[in-house]
Amino acid sequence: MSHVTVYPCASYEGVPAEVERAFAAYAPPMDGKRVVLKVNLLGPCRPEEHVTTHPSLVSAAVAACRRRGAAEIVVGDNPGMSSYGSTDHVARMTGTIEAAAGCYRNIAEAPRMVEVPTPGVGRVPVSRAVLEADVVIGLAKMKTHVATGITGAVKNTFGYVVGAAKTQLHAACPGKEAFARAVLDVYALRPPDFSIVDAVYAMEGQGPSGGQPRFVGRLLASADNVALDAVMARMMGFRPEQIPYLVAAAERGLGEIGDDRIHVEGPTDPIPGFRRPKYGQSMGTWGARLVSRIYVTQPQADTDICIKCGACARQCPVEAIRMDPYPVIDAARCISCFCCHDFCKPKAMRLAPRIRIMKFLRGRK
């Protein structure tokens, strides 16, 4: 039986007290140990955009670790950016460096090449700090995700992989089931000892970066990251069986997703009217599966919003985007990983369904 706790938290001012309660309930001994706090730093977003882990959660977790005698505390993540220096820029923009109170590290430095069982991938660079830590604590964000349905404690560990190497996994694993297995292959390298999910403000709609902030007023915590995400999914209006990586995690024995196998303390009532991704790869009903055979969801640039920065082309794992001067997407090559959507700061990448045969006809023009 797994345990998940949901802590009411009406504002970010109340985060320190609830974080201390979560540490008291779930944190392993850390006196004299090396601790990594794995945050979510998707991109260079301000805290009020609620795309990344809020600074108040970072500072509260650092303080909790210090009170428990941690010998070394490292706060970090590997945003899916293409250059080493961009990691520091993201950490500064999100308020993480200041909140970390001297504990922030650029964990992209000196990664270790690690073999993963993901077909067609082989070895990937993984942050050495994570692999060598005595304790890993996830500080995730409650968000929807156009490719995976949700992103929380489990998906947060995808940031173990350094920078643009994530695109290798995207390119090798097109499709929801294949990518779910890739996410879990990375997660299994070092599951966090426990995780806290920032749901004071969540993101609904076209997450993980293109949605809208939504006040939820809660923090979630558990030592079973899979169970934590299953509870979070239900609060967002999903069934865990609709989320491919949760189904695969349960099948691999990495955690629990069934109601009868998770003991929950605290308010877990579904969030009224919570908006799920309009298009994506996470729907699990028979009707959605039928539709997915006919239609494929792909991005398209809104030229009224696009600033021609080229971030989408740089982040595309299969080089399906060229600038002319706005993004032009090769529909036949696109694998619907939505990396371009994730990293589009002005939110100019729209997602829309296309008839599958039209995808290939468009791609051959």
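The values are calculated or read from the model by the stated rules, or taken from the named source; none is laboratory data. If you're wondering where the values come from, they're calculated on a predicted model, not measured in any experiment. Methodologically, a virtual Cβ is constructed for each residue, glycine included, from the backbone with ideal geometry; neighbour enumeration extends over all protein chains shown. Side chains are part of the model used for accessible areas, which takes the heavy atoms of the whole protein and leaves out ligands, DNA and RNA. Shrake-Rupley method; radii C 1.70, N 1.55, O 1.52, S 1.80 Å.
Table for the structure above
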| read-out | value |
| --- | --- |
| Count of region 157-210 residues which are of a type in the set (Asp, Glu) and part of a helix (DSSP H, G or I) | 2 |
| Criterion (small (Gly, Ala, Ser), part of a strand (DSSP E or B) and in contact with a strand residue (DSSP E or B) (Cβ under 8 Å, 6 or more places away or on another chain)) met by exactly one of Ala153, Ala140 | Ala140 |
| Test: Glu13 is of a type in the set (Asp, Glu), surrounded by fewer than 20 Cβ atoms within 10 Å (Cβ to Cβ) and either touching a Lys or Arg at 6+ places or on another chain (Cβ under 8 Å) or touching a residue at least 60 places away in the same chain (Cβ under 8 Å) (or both) | no |
| Residues within region 149-178 that are within 13 Å of Cys339 (Cα to Cα) and modelled with pLDDT of 90 or more, tallied | 0 |
| Checklist (1) in contact with a Leu (Cβ under 9 Å, 6 or more places away or on another chain); (2) open to solvent by 10 Å² or more (accessible area, probe 1.4 Å); (3) polar (S, T, N, Q); (4) over 17 Å from Cys337 (Cβ atoms) applied to Ser195, failing item | (2) |
| Flag for Val146 being open to solvent by less than 10 Å² (accessible area, probe 1.4 Å), at pLDDT 95 or above and either in contact with a Gly (Cβ under 7 Å, 6 or more places away or on another chain) or not aromatic (Phe, Trp, Tyr) (or both) | no |
| Condition broken by Met203, with the remaining ones in (1) closer than 17 Å to Leu42 by Cα; (2) open to solvent by 20 Å² or more (accessible area, probe 1.4 Å); (3) among the hydrophobic types (A, V, I, L, M, F, W, C) satisfied | (2) |
| All helices (runs of 4 or more DSSP H) inside region 213-299 with 1 or more residues being at pLDDT 95 or above | 225-235, 244-251 |
| Residues satisfying the stated conditions in region 206-223, i.e. closer than 19 Å to Leu254 by Cα and open to solvent by 20 Å² or more (accessible area, probe 1.4 Å) | Ala223 |
| Per-region count, region 117-141, residues within 22 Å of Ile243 (Cβ to Cβ), open to solvent by less than 10 Å² (accessible area, probe 1.4 Å) and in contact with a helix residue (DSSP H, G or I) (Cβ under 6 Å, 6 or more places away or on another chain) | 4 |
